[in-house]
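To start, the structure under review is shown below, and the notes come after it.
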Amino acid sequence: MSKDKPNAARPAFYTVPEAARILRVDPATLYRAIREDAFPAVQVRTRYVVPAVALEKLAAEAADSGGRVDVARMAAERRTAREVARLTGGASW
C-alpha cells in the first residue's frame, strides 16, 4: 500500500511566473492584472502567489461555458460583492 497522497505533487500555490507559464501569458501581464486587482492572488510582503484553485476554477469555467472567461469581470464582481458586504455590515446570517 502506497503512503503517497493523491495530490502530493500538486501545489496549493504557484509563483506568478509558474502561473503565467500555465496560462501561456507573459509574467508581466499577470503581475499587472494582479496589481490592478483583476486576477486573484495572495500577497506576502512584496511577493505574490496565485492559488492553484483559482487557475482550476478558470479552466473549469471556460470548459463549462464553452466560451471566453473574462477574469476582469470576475474580479469586478468580487470587488462589488466586497463593497456591498462592507456597506451592509457583512453577511446577514
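The table below lists the values:
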read-out	value
Acute angle (nearest 10 degrees) that the helix 71-88 long axis makes with the longest principal axis of the chain, alpha-carbon atoms	50 degrees
Theoretical gain in end-to-end length, residue 64 to residue 82 [0.36 nm per residue, Cα-Cα removed]	3.9 nm
Exposure proxy ranking, count of Cβ atoms within 10 Å, fewest first, for 39, 13	13, 39
Longest to shortest principal axis, alpha-carbon extents of the chain, angstrom	52, 37, 36
Residue order, fewest to most surrounding Cβ atoms within 10 angstrom, among 18, 56	56, 18
Computed helical MRE - 222 nm, the chain, DSSP H runs ≥ 4 contributing -39500 (n - 2.57), nearest 500	-16500 deg cm²/dmol
Relative packing of 23-34, 71-82, which averages over residues the other C-beta atoms within 10 Å, highest first	23-34, 71-82
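Just so you know, all these numbers are worked out from the coordinates, no wet-lab data involved. Keep in mind that this is a model prediction, so the values were computed, not measured. Don't worry about glycine lacking a Cβ; one is built from the backbone with ideal geometry, like all the others, and counts go over all protein chains shown.
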